[in-house]
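The numbers here are math on the coordinates, done by the rules we state, and not lab data. Being a predicted model, the structure only gives us computed values, none of them experimental. Glycine gets a Cβ as well: all are built from the backbone with ideal geometry, and neighbour counts include every protein chain shown.
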Amino acid sequence: MADDLSQRPIVIKRIKKVAGGHHGGAWKIAYADFVTAMMAFFLLMWLLGSASQGDLEGISEYFRTPLKVAFLGGENVGDASSIVKGGGTDMTRSTGQVKKGETSADKAFIDIDAAEKERERIEMMRFNILKDKIEQAIEANPLLIKFKTQLLLDITTDGLRIQIVDEKNRPMFSSGSAELQPYTKAILREIGKMLNDVPNKISLSGHTDATPFPSGDKGYSNWELSADRANASRRELIVGGMNADKVLRVVGLSSAVLFDREDPFNPINRRISIIVMNEKAENAITHENEEVKITNPIGINKGLINLPIIQRPAE
């Protein structure tokens, strides 16, 4: 019995114990895909739950026939209010959870040209009212009625123009100076009272005839005289009650702009011009000093265009 046991082969069993570990990383990728899919699913559910019934019907219509809508368009192709890019009816206005008053069935369009014409019409109406008021004041004033022929009123492209002109035996200023005659002061003060009736700015320009000063253009000339007369007129308008901030420009034009081009020495060329400017003329003056920056000033030095040259500093 002992011999039998000694002759049996000895079998050694070695059991390899393996720790749990992480079993690889493939499960992490699968889990991440599952979480992403669930997030997308719940996000879709949330979007569908927050959409109105009209939105849902519009989306459903698109996905039923996507190619037909894409190529042929729906019933309202080109309608910017449609929730479906390719066309289709806008379901948000028919049914569902659209609150009354949130959307408007009628689209409001602003006709810029019509609005501009209406503004010009109203402005022209104000000028005509002011013109009639000044003419009535001249007729009613015993002092001004005598100078009716020296007061010229007309409406130009820049606005209402009031011109006070000289007559041969009735000048507005003392000869060769900017000293106003008493009746000229009365005229300007009466006009100044009425210019506040409109909100528009005014422009004043002084004019002379072509008779030169003995000193010529190198000394005190018609340019200085016309500017001084325009400023003297501005002061009298303010004395008459006109707001000082209504004046936008005061210039002296000498004999450059003649009233009577056939006779440069005609006394009528000596005048003061007051223009109650329209909005277009005001903008032309207030924006005339705005610089236009250009990167390629071709033709500026050749006299093709008159813009400031933008110079770059030397590097």
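Tabulated results
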item	result
Burial ordering of Val247, Val35, Val276, Val11, fewest other beta-carbon atoms within 10 Å first	Val11, Val35, Val247, Val276
Taking Glu190, Glu116 and counting other C-beta atoms within 10 Å, the order from fewest to most	Glu116, Glu190
Dipole of the stretch 230-294, positive end: most advanced residue of Asn269, Val250, Ala232 [Cβ charges, Cα centre]	Ala232
Glu179 long-range amide H proximity, modeled H, under 5 Å	Ser174
Backbone HN-Hα couplings from phi across the stretch 192-202 [Karplus 6.51/-1.76/1.60, Hz, Gly and Pro as x]	x, 5, 8, 6, 6, 6, 10, x, 5, 7, 10
Residues His287, His207, sorted so that the one with the fewest Cβ neighbours within 10 Å comes first	His287, His207
Anisotropy class of the stretch 113-286 from Cα gyration tensor, a/c 1.5 cut	prolate
Integer Hz, Karplus 6.51/-1.76/1.60 couplings in order for the stretch 44-51, x for Gly and Pro	5, 4, 5, 5, 5, x, 8, 6
Under 5 Å, built H, 5+ apart or other chain: amide partners of Lys201	Met277
Amide H contacts under 5 Å for Val250, placed H, 5+ residues apart	Leu204
Vicinal HN-Hα couplings computed from phi for the stretch 131-141 (Karplus, 6.51 cos²θ - 1.76 cosθ + 1.60; Hz; Gly/Pro x)	4, 5, 5, 5, 5, 5, 5, 5, 5, 8, 9
